[in-house]
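Derivation of every value follows stated rules applied to the coordinates shown; laboratory data play no part. Just so we're clear, the structure is a prediction, and the values are computed from it rather than from any experiment. Quick reminder, even Gly has a Cβ in these numbers, built from the backbone with ideal geometry, and neighbours come from all protein chains shown.
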Amino acid sequence: MEELRAAQTQLGLETNELLATLMLLVYSQAHQQAHIAALGDGAICFDNQIYQIDQDNVPDYPAYHLQDPEEGLQSYLYQNTFTIENPAQVSIATDGIFSFRPTEPGETASVMAPVEYLLKNRELPGPDDLLNRKLTLLRNSRQLEPVDDLAIIQLLID
């Protein structure tokens, strides 16, 4: 948050220019724990369960808390942070994962199908450019594309 404050000052940005989801995943191999901060809308998937973080299209973005006193900022961060014990897999994604729409007019599609495919499916080998390969398959085989920004981080724990 200190770096975000510094960037805001250095670039002369208004609060509304900093409204963005922040999803942070830190894994402790020593403790076999995943720590996640989910600030804004998005999705978390661990051990094959998907959890949608949806604040009714009015996300409580970190930018709203840049001027909070230290105790208020700590409270905000702690209420949006949690720990997962002994996960086999953890994924975090921005809310763009729920924005898939058909590329052809008049087509309909299940919103959960791309979400499940992107966060759970392990059919394609290797991590190299996996998101782009999966997005290409969704576009070419199901005529689906996201209409919002999409970022996904996936951690597979051996």
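Taking the chain as a Gaussian network of alpha-carbon nodes connected by springs under 10 Å, the highest mean-square fluctuation of the residues PHE82, PHE98, PHE46 belongs to PHE82. Applying the Karplus relation 6.51 cos²θ - 1.76 cosθ + 1.60 with θ = phi - 60° to the range 65-70 yields 3J(HN,Hα) values of 10, 5, 9, 5, x, 3 Hz, where x marks Gly and Pro. Taken along its three principal axes, the alpha carbon spread of the chain comes to 50, 43, 27 Å, from the longest extent down to the shortest.
Report relative contact order for the chain in percent, whole number only (criteria: Cα-Cα under 8 Å, sequence separation at least 6). Provide the component values of the computation, followed by the final result.
Numbers: 241 pairs, mean separation 37.4, N = 158.
Relative contact order here is 24 percent.
How big is the Kirkwood radius of the range 12-77, worked out from every pair of different alpha carbons and given in Å to one decimal? Before the final figure, lay out the partial values.
Working: mean 1/r = 0.0734 Å⁻¹.
That comes to 13.6 Å for the range 12-77.
GluC sites (Glu not before Pro), restricted to the range 1-64: which are DSSP loop and have at most 16 other Cβ atoms within 10 Å? Walk me through the intermediate numbers first.
On the way: sites: GLU2, GLU3, GLU14, GLU17; in loops: GLU14.
Hits after loop and neighbour filter: GLU14.
Under a 5 Å amide H cut-off, with hydrogens placed 1.01 Å from N, ILE157 pairs with GLN89, VAL90 among residues at least 5 apart or on other chains. Between ILE53 and GLY42, ALA43, ILE44, the built amide H atoms are under 5 Å apart, and every one of these is 5 or more places off in sequence or on another chain. With θ taken as phi - 60° and the Karplus curve 6.51 cos²θ - 1.76 cosθ + 1.60 applied, the whole-hertz 3J(HN,Hα) list for the range 138-152 is 4, 5, 7, 8, 10, 6, 10, 9, x, 10, 9, 4, 9, 9, 9 Hz, x standing for glycine and proline.
Averaging 1/r over each pair of different alpha-carbon atoms in the range 32-111 and inverting the result gives 14.7 Å, the Kirkwood hydrodynamic radius. Computed from phi, the 3J(HN,Hα) profile of the range 11-18 under the Karplus parametrisation 6.51, -1.76, 1.60 (θ = phi - 60°) reads 9, x, 8, 7, 4, 5, 8, 10 Hz, with x in place of Gly and Pro. Taking amide H atoms as placed 1.01 Å from N in the peptide plane, the amide H of GLU145 lies under 5 Å from those of ARG101, THR103, each 5 or more residues away in sequence or on another chain. Between GLY40, GLY12, GLY72, the Gaussian network model of the chain with springs among Cα atoms under 10 angstrom shows the greatest mean-square fluctuation at GLY12.
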